[in-house]
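Notes follow once the structure below has been shown.
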Amino acid sequence: MKRVIVGAGVAGIAAIEAIRSLDSIGEIVMVGDDPHGYYSRPGLAYYLTGELHDKTLYPRASEDYRKLNFRYVKGRVKNILRDAHVLELENGPSISYDKLLIAVGAQAAPLEIPGATLDGVLKLDHMEDAKRILKQARRGKTAIVVGGGITALELTEGLLSRGMNVHYLLRGDRYWSGVLDDQESRIVEGRLQEVGVTLHHRAEAIEILGRKNRVIGVRLRDGRVMKCDLVAYAIGIHPRVELARQAGLAVDRGILVNEHLQTNDVNIFAAGDVAQVYDPSTGRSALDSLWSSAREQGYAAGLNMAGKATVYVKSIPFNVTRLAGLTTTIIGAVGAGDDKDLVGIARGDSETWRQLPDAMVAQSGFDVNRVRLLLGEKRLLGAVVMGDQKLSYPLEKIVSESVDISPIREELLSPQARIGDVIAKFWASMRN
Amino acid sequence: MAILGIFQRGPIKHAVLSSGQVTPDPARCVQCGICTYNCPVDIDVRAHAWRGEPVIHSHCLTCGECVARCPRGALRFEKTDLFTRRES
Ligand SMILES: Cc1cc2nc3c(=O)[nH]c(=O)nc-3n(C[C@H](O)[C@H](O)[C@H](O)COP(=O)(O)OP(=O)(O)OC[C@H]3O[C@@H](n4cnc5c(N)ncnc54)[C@H](O)[C@@H]3O)c2cc1C
Ligand code: SF4
Ligand code: SF4
């Protein structure tokens with residue numbers, strides 16, 4: 001039995017671990033086109049800020065790979081020939097497979113305005129992108145950041161910490177309106193301004209201006225021209241569905257897979273950012289762009305490829321991230337707003353967050369430490385915790401384990417509710 | 001010398017934090033390596049975080065450096081079973 005994995009990301013690595021947990025000798029081949037192999041993609045943000053060295057981003061040493069006993073082929077898969085069970089590579093010999101996993105991830109949605117291909121227009125997908133940004137970021141020069149979500153802020157912070165003057169353009173009225181509420185957006189924006197970022201609301205770049213093929217500025221819809229030395233953008237991501245589409249697999253926004261991570265071809269699986277996974281509990285198929293979801297999906301796909309029928313049970317999507325230096329946890333379903341800065345899903349994002357069911361909102365804290373809860377009839381449906389993270393762990397458990405919160409619901413909804421204390425007490429009583 | 005330096009500033013924190021061991025929550029970890037990078041005694045905390053195993057390591061100073069630096073709140077100090085049993 002020959003199992004082949006396309007894509008050397010966390011989903012692919014987890015799949016190999018899963019296969020090896022059941023079968024220590026079967027042939028495994030991994031094909032990857034990133035010259036840097038497997039590394040922590042979310043960690044690229046900390047590489048930009050200088051909190052860590054690029055070498056730190058590689059979680060595995062060659063010894064670890066040897067133990068997993070697979071063959072690594074550096075190359076790009078060009079075609080899947082399903083009838084012949086063969087992969088064609090761009091450069092190099094074809095590879096046959098019995099079971100195939102497509103774990104090719106997602107890529108930055110392109111900025112579709114004139115001038116977007118000029119030198120100095122940058123995105124953040126790969127290690128190479130991060131290196132390019134660092135090479136071009138010059139102390140004292142001006143950068144313009146366009147887009148929304150986590151990655152746009154990571155670009156902003158990275159460029160700022162490299163000494164650039166950063167202007168952050170928002171098309172709408174506030175930051176990440178699809179997930180954060182008004183107050184939360186204001187907190188993040190306030191902190192950005194405090195550290196020296198210049199924010200521009202309702203500012204839409206419609207053209208990037210260049211000279212000798214290099215960025216010199218941006219033209220806004222209202223006619224203003226802003227000078228700059230580079231433009232960094234993060235307006236969302238697109239799952240890399242081309243391979244699957246060419247091969248005639250069922251594709252919607254991502255590659256459609258059932259709860260076994262199986263495509264409409266029984267020998268082909270998909271996992272991670274590229275997969276749009278059917279969730280039996282909602283009857284819908286959703287995209288995630290979360291490291292832990294990619295890992296869990298890859299693992300489940302690997303078990304299925306090794307012959308152990310395994311249903312992927314989607315855990316409550318959540319992410320812990322830093323927004324303008326403020327640790328923020330997003331759990332469950334939290335938002336529903338329209339976000340003009342993003343097309344579809346962004347990095348570190350889940351479509352599930354935006355499925356806002358019937359919920360009441362309870363909140364407390366108006367400065368850096370803030371908690372917002374989305375309360376269903378009996379359950380806590382979602383939460384956003386900013387700043388102090390003491391509540392984040394209990395809240396995650398309360399949401400993911402569907403704990404009956406009726407005993408504290410009324411108290412949480414009372415106007416003067418001290419949410420922190422109520423949850424802490426409830427959590428302590430639960431644990432006893 | 002470096003080791004000496006660590007031990008010199010270590011004891012105070014040690015006294016405060018030694019009541020547990022570093023315990024990861026793999027679902028929060030993004031394998032960035034900041035923990036490993038900052039561990040003064042070169043423990044590969046990230047590898048523990050991947051496997052979801054607490055850092056039970058004779059060299060661990062329980063200095064809290066990894067816990068404090070993790071940008072994802074993936075690490076915390078937790079009392080070990082061993083410890084609780086001993087206490088009760
Ligand atoms: C800057 C940034 C910040 C992020 N922040 C967060 C965060 O805060 N929290 C969070 O949970 N997640 C975050 N993410 C998302 C997270 O990194 C992804 O969800 C995760 O990496 C997905 O893993 P994957 O294995 O599906 O795909 P990937 O990691 O994208 O790996 C896919 C691999 O396949 C390769 N490939 C593509 N096409 C081919 C081909 N045809 N042939 C061969 N190889 C191919 C690619 O080069 C790549 O190496 C962030 C990502 C980025 C880039
Ligand atoms: S610092 Fe935190 S997120 Fe990064 S590898 Fe360590 S435990 Fe994981
Ligand atoms: S507590 Fe200190 S010594 Fe122990 S693993 Fe963390 S950083 Fe290393």
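What the table below lists for this structure:
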{"read-out": "A:HIS167 accessible area, 1.4 Å probe, all protein chains in place, Å² to nearest 10", "value": "50"}
{"read-out": "Residue-by-residue Karplus 3J(HN,Hα) for the range A:303-312, coefficients 6.51, -1.76, 1.60, Hz, glycine and proline x", "value": "4, 4, 5, 8, x, 9, 4, 9, 8, 7"}
{"read-out": "Extent along principal axes [Cα atoms of the range A:318-431; Å; largest to smallest]", "value": "42, 29, 27"}
{"read-out": "Check: the range A:183-228 dipole with +1 on Lys, Arg Cβ and -1 on Asp, Glu Cβ, in debye", "value": "380"}
{"read-out": "Tail beyond 14 Å, pair distance distribution of the range B:21-74 (Cα, percent)", "value": "40"}
{"read-out": "Residue of A:VAL313, A:VAL371, A:VAL146 that the Gaussian network model of chain A assigns the largest fluctuation, springs spanning Cα pairs under 10 Å", "value": "A:VAL313"}
{"read-out": "At R0 = 30 Å, FRET efficiency that the Cβ-Cβ distance of A:GLU207 and A:ASP173 yields, to 0.05", "value": "0.85"}
{"read-out": "Computed label-point distance, nm, for sites A:MET360 and A:ARG245 using a 7 Å Cα→Cβ extension", "value": "4.6"}
{"read-out": "Chain A, relative contact order in percent, only Cα pairs under 8 angstrom and at least six apart counted", "value": "15"}
{"read-out": "Among A:ALA417, A:ALA234, A:ALA362: highest mean-square fluctuation, GNM of chain A, C-alpha pairs under 10 Å", "value": "A:ALA417"}
{"read-out": "Heavy-atom accessible area order for A:ASP54, A:ASP64, A:ASP252, B:ASP42, largest first, 1.4 Å probe", "value": "B:ASP42, A:ASP252, A:ASP64, A:ASP54"}
{"read-out": "Rounded to 5, the percent of DSSP beta bridges in chain A classed as antiparallel", "value": "55"}
{"read-out": "Over the protein assembly as shown, volume per residue of the alpha carbon convex hull, in Å³", "value": "176"}
{"read-out": "Sulfur and carbon atoms: percent of accessible area, the protein assembly as shown [1.4 Å]", "value": "51"}
{"read-out": "Cα-based reach from A:LYS397 at 16 Å (exclusive), listing aspartates and glutamates while leaving out same-chain residues under 8 positions away", "value": "B:ASP25"}
{"read-out": "Equivalent ellipsoid semi-axes, the range A:159-307, via Cα gyration tensor eigenvalues times 5, rooted, Å", "value": "40, 20, 14"}
{"read-out": "Convex hull volume per residue in cubic angstrom - Cα atoms of the range A:1-75", "value": "85"}
{"read-out": "Contour excess over end-to-end distance, with Cα ends at A:GLU90 and A:GLU410 and 0.36 nm allotted per residue", "value": "109.1 nm"}
{"read-out": "Residues of the range A:10-92: accessible area per residue with a 1.4 Å probe, Å²", "value": "46"}
{"read-out": "Normalised contact order of the range A:28-173, rounded percent, pairs of Cα under 8 Å and 6 or more residues apart", "value": "23"}
{"read-out": "Gaussian network model of chain A, springs between alpha carbon atoms under 10 Å - residue of A:GLU63, A:GLU194, A:GLU401 with greatest fluctuation", "value": "A:GLU63"}
{"read-out": "Relative contact order %, the range A:121-234, counting alpha carbon pairs below 8 Å whose residues are six or more apart", "value": "32"}
{"read-out": "Between the range A:163-195 and the range B:38-52, the Cα center-to-center distance that results, in Å", "value": "34"}
{"read-out": "Near-label residues of the range A:78-116 by backbone N, under 13 Å of a point 7 Å along Cα→Cβ of A:ILE25", "value": "none"}
{"read-out": "Distance-filtered residues of the range B:34-50 - backbone nitrogen under 18 Å, label point 7 angstrom along A:LEU134 Cα→Cβ", "value": "B:34-38"}
{"read-out": "5 angstrom amide H check on A:LEU122, placed H, neighbours 5+ away", "value": "A:VAL231, A:ALA232, A:TYR233"}
{"read-out": "Under 5 Å, built H, 5+ apart or other chain: amide partners of A:LEU391", "value": "none"}
{"read-out": "Dmax and Rg, reported as Rg then Dmax, of the range A:1-140 (C-alpha, Å)", "value": "17.5, 58"}
{"read-out": "Alpha-carbon centroid distance for the pair the range A:374-432 / the range A:43-108, whole angstrom", "value": "41"}
{"read-out": "Translational diffusion of the range A:108-241, µm² s⁻¹ [Kirkwood Rh, Cα pairs; Stokes-Einstein; 25 °C; 0.890 mPa s]", "value": "165"}
{"read-out": "Where only C-alpha atoms are counted, convex hull volume of the range A:366-432 per residue in Å³", "value": "79"}
{"read-out": "Set of lysines with alpha-carbon distance to A:LYS2 below 29 Å, sequence-local pairs under 8 removed", "value": "A:LYS67, A:LYS74, A:LYS78, A:LYS99, A:LYS308, A:LYS314"}
{"read-out": "Under 20 Å from A:LYS141, Cα to Cα: lysines that are on another chain or at least 8 residues apart", "value": "A:LYS123, A:LYS131, A:LYS212, A:LYS227"}
{"read-out": "Paramagnetic reach from A:ASP64 in the range B:52-68 [backbone N under 19 Å; point 7 Å along Cα→Cβ]", "value": "B:52-57, B:66-67"}
{"read-out": "Protection-proxy order for peptides B:70-79, A:423-432, A:325-334, each taking the mean of Cβ atoms within 10 Å per residue, highest first", "value": "A:325-334, B:70-79, A:423-432"}
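The values are calculated or read from the model by the stated rules, or taken from the named source; none is laboratory data. Quick caveat, the model's predicted, so the values are computed rather than measured. In this analysis, Cβ positions are derived from the backbone assuming ideal geometry, glycine residues included, and neighbour counts consider all displayed protein chains. Heavy atoms of the whole protein, side chains included, go into the accessibility calculation; ligands, DNA and RNA do not. Shrake-Rupley method; radii C 1.70, N 1.55, O 1.52, S 1.80 Å.
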